[in-house]
Amino acid sequence: MTGRTHDLAAFTALSYVMVTTPFKEITLATAIVAFTANMVGGLAPDLDQSTASLWHRVRGGSMLGKIIAPLLGGHRFLSHSLVGIFIAGILARMFLQVASSVLYVDIDIVWWAFMIGFISHLFMDLFTHDGIPLLFPIPLKLGIPPLSFLRIKTGGLVEKSFVFPVLLFITICLYYFNYHDVLHILRNLS
Ligand SMILES: [Zn+2]
(Lines give C-alpha, C1' and ligand atoms only; values in the text may rest on other atoms or scores of the structure.)
Protein backbone atom coordinates (compact mmCIF):
# COMPACT_ATOMS: atom_id res chain seq x y z
CA MET A 1 0.00 0.00 0.00
CA THR A 2 1.11 3.58 -0.56
CA GLY A 3 1.93 5.98 2.29
CA ARG A 4 -1.34 7.82 1.69
CA THR A 5 -3.41 4.66 2.17
CA HIS A 6 -1.40 3.70 5.26
CA ASP A 7 -1.97 7.19 6.74
CA LEU A 8 -5.70 6.84 6.25
CA ALA A 9 -5.81 3.23 7.50
CA ALA A 10 -3.96 4.26 10.68
CA PHE A 11 -6.42 7.10 11.23
CA THR A 12 -9.42 4.82 10.54
CA ALA A 13 -8.13 2.27 13.06
CA LEU A 14 -7.44 4.98 15.64
CA SER A 15 -10.91 6.46 15.12
CA TYR A 16 -12.49 3.03 15.53
CA VAL A 17 -10.69 2.41 18.82
CA MET A 18 -11.50 5.94 19.98
CA VAL A 19 -15.27 5.61 19.43
CA THR A 20 -15.51 2.07 20.82
CA THR A 21 -13.40 2.55 23.95
CA PRO A 22 -14.77 4.14 27.10
CA PHE A 23 -12.68 7.24 27.10
CA LYS A 24 -10.95 9.09 29.85
CA GLU A 25 -10.40 12.80 29.50
CA ILE A 26 -7.37 13.79 27.51
CA THR A 27 -5.53 17.04 27.03
CA LEU A 28 -5.21 18.83 23.71
CA ALA A 29 -1.44 18.22 23.81
CA THR A 30 -1.99 14.47 24.25
CA ALA A 31 -4.51 14.44 21.39
CA ILE A 32 -2.08 16.20 19.03
CA VAL A 33 0.90 14.03 19.98
CA ALA A 34 -1.24 10.87 19.82
CA PHE A 35 -2.44 11.81 16.32
CA THR A 36 1.17 12.38 15.22
CA ALA A 37 2.29 9.09 16.82
CA ASN A 38 -0.52 7.30 15.00
CA MET A 39 0.65 8.67 11.63
CA VAL A 40 4.29 7.78 12.42
CA GLY A 41 3.22 4.29 13.53
CA GLY A 42 1.23 3.85 10.32
CA LEU A 43 4.34 4.44 8.24
CA ALA A 44 7.05 3.10 10.57
CA PRO A 45 7.13 -0.51 9.28
CA ASP A 46 8.25 0.80 5.87
CA LEU A 47 11.36 2.39 7.38
CA ASP A 48 12.92 -0.82 6.10
CA GLN A 49 13.08 0.70 2.61
CA SER A 50 15.14 3.80 1.96
CA THR A 51 12.45 5.19 -0.36
CA ALA A 52 9.77 5.09 2.39
CA SER A 53 7.61 8.18 2.69
CA LEU A 54 8.50 8.67 6.36
CA TRP A 55 12.18 9.10 5.47
CA HIS A 56 11.27 11.87 3.04
CA ARG A 57 9.24 13.70 5.66
CA VAL A 58 12.24 14.45 7.86
CA ARG A 59 15.29 16.50 7.04
CA GLY A 60 18.26 14.33 6.08
CA GLY A 61 15.87 11.38 6.12
CA SER A 62 16.75 9.95 2.72
CA MET A 63 20.40 9.71 3.79
CA LEU A 64 19.46 8.13 7.12
CA GLY A 65 17.11 5.74 5.29
CA LYS A 66 19.95 4.41 3.16
CA ILE A 67 21.83 3.51 6.35
CA ILE A 68 19.02 2.17 8.53
CA ALA A 69 16.84 0.36 5.96
CA PRO A 70 19.45 -2.37 5.24
CA LEU A 71 19.92 -2.88 8.99
CA LEU A 72 16.28 -3.92 9.21
CA GLY A 73 16.97 -6.69 6.72
CA GLY A 74 15.42 -5.08 3.63
CA HIS A 75 11.83 -4.40 2.68
CA ARG A 76 9.03 -6.40 4.31
CA PHE A 77 11.21 -8.33 6.66
CA LEU A 78 11.55 -7.98 10.44
CA SER A 79 9.42 -4.83 10.74
CA HIS A 80 6.49 -6.56 9.02
CA SER A 81 6.16 -9.37 11.57
CA LEU A 82 4.78 -10.13 15.03
CA VAL A 83 8.33 -9.97 16.39
CA GLY A 84 8.60 -6.56 14.71
CA ILE A 85 5.42 -5.36 16.47
CA PHE A 86 6.87 -6.52 19.77
CA ILE A 87 10.24 -4.79 19.22
CA ALA A 88 8.60 -1.59 17.94
CA GLY A 89 6.37 -1.60 21.02
CA ILE A 90 9.33 -1.83 23.38
CA LEU A 91 11.33 0.83 21.51
CA ALA A 92 8.36 3.21 21.38
CA ARG A 93 7.80 2.68 25.11
CA MET A 94 11.44 3.43 25.88
CA PHE A 95 11.41 6.52 23.66
CA LEU A 96 8.20 7.84 25.25
CA GLN A 97 9.52 7.20 28.74
CA VAL A 98 12.54 9.41 27.97
CA ALA A 99 10.44 12.00 26.11
CA SER A 100 7.94 12.22 28.98
CA SER A 101 10.43 14.28 30.98
CA VAL A 102 10.01 17.14 28.49
CA LEU A 103 6.66 16.23 26.90
CA TYR A 104 3.71 16.55 29.27
CA VAL A 105 1.35 14.10 27.63
CA ASP A 106 -0.34 10.84 28.59
CA ILE A 107 2.26 8.42 27.24
CA ASP A 108 -0.10 5.43 27.50
CA ILE A 109 -2.49 7.00 25.00
CA VAL A 110 0.36 8.12 22.74
CA TRP A 111 1.89 4.62 22.85
CA TRP A 112 -1.43 2.98 21.96
CA ALA A 113 -1.96 5.45 19.11
CA PHE A 114 1.49 4.54 17.73
CA MET A 115 0.85 0.80 18.05
CA ILE A 116 -2.59 1.05 16.42
CA GLY A 117 -0.94 2.80 13.47
CA PHE A 118 1.83 0.19 13.31
CA ILE A 119 -0.54 -2.79 13.42
CA SER A 120 -2.90 -1.19 10.88
CA HIS A 121 0.06 -0.99 8.48
CA LEU A 122 0.77 -4.73 8.71
CA PHE A 123 -2.94 -5.51 8.40
CA MET A 124 -3.18 -3.48 5.18
CA ASP A 125 -0.01 -5.02 3.73
CA LEU A 126 -1.57 -8.47 4.19
CA PHE A 127 -3.85 -7.65 1.25
CA THR A 128 -1.00 -6.88 -1.15
CA HIS A 129 0.62 -9.20 -3.72
CA ASP A 130 3.83 -9.71 -1.76
CA GLY A 131 2.20 -10.48 1.58
CA ILE A 132 4.24 -10.13 4.77
CA PRO A 133 6.48 -12.46 6.83
CA LEU A 134 4.14 -12.21 9.83
CA LEU A 135 5.66 -15.25 11.56
CA PHE A 136 9.28 -14.15 11.10
CA PRO A 137 11.80 -15.87 11.47
CA ILE A 138 9.68 -18.54 9.73
CA PRO A 139 10.38 -17.62 6.08
CA LEU A 140 6.79 -17.63 4.91
CA LYS A 141 4.99 -14.64 3.44
CA LEU A 142 1.34 -14.57 4.43
CA GLY A 143 -1.54 -12.65 2.90
CA ILE A 144 -5.29 -12.34 2.55
CA PRO A 145 -6.59 -14.09 0.51
CA PRO A 146 -3.95 -16.86 0.64
CA LEU A 147 -3.55 -16.93 -3.16
CA SER A 148 -1.23 -14.03 -3.95
CA PHE A 149 -2.57 -13.36 -7.46
CA LEU A 150 -5.93 -12.45 -5.93
CA ARG A 151 -4.35 -9.74 -3.81
CA ILE A 152 -3.89 -6.03 -4.45
CA LYS A 153 -1.04 -4.31 -6.27
CA THR A 154 0.54 -1.46 -4.27
CA GLY A 155 -0.43 1.88 -5.80
CA GLY A 156 -2.62 0.09 -8.33
CA LEU A 157 -6.14 0.82 -9.50
CA VAL A 158 -7.86 -1.31 -6.84
CA GLU A 159 -6.01 0.48 -4.05
CA LYS A 160 -6.79 3.93 -5.46
CA SER A 161 -10.35 3.38 -6.61
CA PHE A 162 -11.58 0.87 -4.02
CA VAL A 163 -9.44 0.48 -0.87
CA PHE A 164 -8.85 4.19 -0.26
CA PRO A 165 -12.50 5.26 -0.83
CA VAL A 166 -13.77 2.38 1.36
CA LEU A 167 -11.44 3.41 4.21
CA LEU A 168 -12.60 6.99 3.80
CA PHE A 169 -16.23 5.88 3.86
CA ILE A 170 -15.69 3.80 7.03
CA THR A 171 -13.96 6.74 8.72
CA ILE A 172 -16.76 9.15 7.84
CA CYS A 173 -19.35 6.62 9.09
CA LEU A 174 -17.44 6.18 12.36
CA TYR A 175 -17.62 9.92 13.01
CA TYR A 176 -21.17 10.30 11.72
CA PHE A 177 -22.66 7.51 13.84
CA ASN A 178 -20.64 8.41 16.94
CA TYR A 179 -21.06 12.13 16.59
CA HIS A 180 -22.08 12.66 20.21
CA ASP A 181 -19.19 10.64 21.64
CA VAL A 182 -16.69 12.49 19.47
CA LEU A 183 -18.21 15.82 20.47
CA HIS A 184 -17.99 14.78 24.11
CA ILE A 185 -14.28 13.99 23.72
CA LEU A 186 -13.62 17.28 21.91
CA ARG A 187 -15.53 19.30 24.52
CA ASN A 188 -13.51 17.73 27.30
CA LEU A 189 -10.12 18.49 25.76
CA SER A 190 -8.31 20.53 28.33
ZN1 LIG B 1 4.77 -2.06 4.48
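So which residues in the range 3-37 are surrounded by 15 or more Cβ atoms within 10 Å (Cβ to Cβ), in contact (Cβ under 8 Å) with a residue 60 or more places away in the chain and within 16 Å of the ligand (Cβ to nearest atom)?
T5, H6, L8, A9, A10, A13
Given the condition within 15 Å of the chain's Cα centre (by Cα), surrounded by 12 or more Cβ atoms within 10 Å (Cβ to Cβ) and at pLDDT 95 or above, answer yes or no: does some residue in the range 154-162 qualify?
Checked the range 154-162: no residue is within 15 Å of the chain's Cα centre (by Cα), surrounded by 12 or more Cβ atoms within 10 Å (Cβ to Cβ) and at pLDDT 95 or above.
Give just the number: which of (1) within 30 Å of T27 (Cα to Cα); (2) at pLDDT below 95; (3) surrounded by 16 or more Cβ atoms within 10 Å (Cβ to Cβ) does S101 not satisfy?
(3)
Confirm whether G73 is on the phi > 0 side of the Ramachandran plot, within 16 Å of the ligand (Cβ to nearest atom) and surrounded by fewer than 19 Cβ atoms within 10 Å (Cβ to Cβ).
Details: on the phi > 0 side of the Ramachandran plot: yes; within 16 Å of the ligand (Cβ to nearest atom): yes; surrounded by fewer than 19 Cβ atoms within 10 Å (Cβ to Cβ): yes.
Yes: the conditions hold for G73.
Each row is one residue, and each column tells you yes or no for (1) away from the ligand (no atom under 13 Å from the Cβ); (2) over 20 Å from the mean Cα position of the chain (by Cα); (3) within 16 Å of V40 (Cα to Cα).
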{"residue": "I116", "(1), (2), (3)": "yes, no, yes"}
{"residue": "I119", "(1), (2), (3)": "no, no, yes"}
{"residue": "L126", "(1), (2), (3)": "no, no, no"}
{"residue": "L135", "(1), (2), (3)": "yes, no, no"}
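Taking the condition of being within 16 Å of the ligand (Cβ to nearest atom), among the hydroxyl-bearing types (S, T, Y) and outside any helix (DSSP H, G or I), how many residues in the range 76-101 meet it? If you could, list the steps in order and put the result at the bottom.
Going through the range 76-101, the residues within 16 Å of the ligand (Cβ to nearest atom) turn out to be 76-85, 87-88.
Next, only the ones that are among the hydroxyl-bearing types (S, T, Y) stay: 79, 81.
From what is left, the residues that are outside any helix (DSSP H, G or I) are 81.
The qualifying residues number 1.
List pairs: first residue in the range 77-93 and over 9 Å from L135 (Cα atoms), second residue small (G, A, S) and within 16 Å of the ligand (Cβ to nearest atom) anywhere in the structure, Cβ distance under 7 angstrom, at least six positions apart or on different chains.
Pairs that qualify, where the first residue is over 9 Å from L135 (Cα atoms) and the partner is small (G, A, S) and within 16 Å of the ligand (Cβ to nearest atom), are L78/G84; A88/A44.
Any residue that is part of a strand (DSSP E or B) and within 23 Å of R4 (Cα to Cα) - is there at least one of those in the range 103-123? Full working, then the answer.
Looking only at the range 103-123, we keep the residues that are part of a strand (DSSP E or B), and these are none.
No: the range 103-123 contains no residue that is part of a strand (DSSP E or B) and within 23 Å of R4 (Cα to Cα).
Under the condition of being within 16 Å of the ligand (Cβ to nearest atom) and farther than 19 Å from T36 by Cβ, which residue from the range 54-69 is surrounded by the fewest Cβ atoms within 10 Å (Cβ to Cβ)?
Looking only at the range 54-69, we keep the residues that are within 16 Å of the ligand (Cβ to nearest atom), and these are 54-57, 65, 68-69.
With the extra rule that they be farther than 19 Å from T36 by Cβ, the set shrinks to 65, 68-69.
Values: G65: 21, I68: 15, A69: 21.
Within the range 54-69, the match that is surrounded by the fewest Cβ atoms within 10 Å (Cβ to Cβ) is I68.
Would you check which residues across the range 163-184 are under 22 Å from the mean Cα position of the chain (by Cα) and among the hydrophobic types (A, V, I, L, M, F, W, C) and list them? Working first, answer last.
Of the residues in the range 163-184, the ones under 22 Å from the mean Cα position of the chain (by Cα) are 163-175, 182.
V163, F164, V166, L167, L168, F169, I170, I172, C173, L174, V182 - these are the residues of the range 163-184 that are under 22 Å from the mean Cα position of the chain (by Cα) and among the hydrophobic types (A, V, I, L, M, F, W, C).
The values are calculated or read from the model by the stated rules, or taken from the named source; none is laboratory data. Here the structure is a predicted model, which is why all the values come from computation and not from measurement. All Cβ positions, even for glycine, are placed from backbone atoms using ideal geometry, and neighbour counts span all protein chains on display.
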